[in-house]
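Novice: Here's a structure for you.
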Amino acid sequence: MQKEKYHNIMMYKMMICILEKWVQSGIVSEQEYQKMNTIIAEKYGLNLCSIFLDCSADKR
């Protein structure tokens with residue numbers, strides 16, 4: 001079970017890196033990013049209060 005959790009966190013982080021690049025290049029907006037972030041977190045089983053969840057939209 002630990003391997004699956006680790007795998008899900010890594011997959012989530014990889015997807016977030018891609019989304020951040022899309023925001024930087026203007027492909028998606030900040031609002032779209034936030035929606036996609038939530039969807040991806042749910043897909044990979046992250047709790048929306050997880051310490052692994054990216055909520056750094058204001059850091060970009």
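The values are calculated or read from the model by the stated rules, or taken from the named source; none is laboratory data. What you are looking at is a predicted structure, and each value in this text was computed from that prediction instead of being measured. When we count neighbours, we look across all protein chains shown, and the Cβ atoms used for this are built from the backbone with ideal geometry, even at glycine.
Novice: So which residues in the stretch 2-33 are more than 15 Å from S50 (Cβ to Cβ) and hydroxyl-bearing (S, T, Y), if there are any at all?
Specialist: Selection gives S25, S29, Y33.
Novice: Quick test of your reading of the structure: V28 fulfils all but one of (1) at pLDDT below 90; (2) not in a helix (DSSP H, G or I). Name the failing condition by number.
Specialist: (1)
Novice: How about the stretch 42-60: which of its residues are aliphatic (A, V, I, L, M), loosely packed, with under 12 Cβ neighbours inside 10 Å and modelled with pLDDT of 75 or more?
Specialist: L48
Novice: In contact (Cβ under 8 Å) with a residue 40 or more places away in the chain and of a type in the set (V, I, T): does that describe I16?
Specialist: Details: in contact (Cβ under 8 Å) with a residue 40 or more places away in the chain: no; of a type in the set (V, I, T): yes.
Here the answer is no, as I16 does not meet what is asked.
Novice: Among residues belonging to the stretch 11-27 that are hydrophobic (A, V, I, L, M, F, W, C) and touching a Phe, Trp or Tyr at 6+ places or on another chain (Cβ under 7 Å), point out the one that is surrounded by the fewest Cβ atoms within 10 Å (Cβ to Cβ).
Specialist: M11
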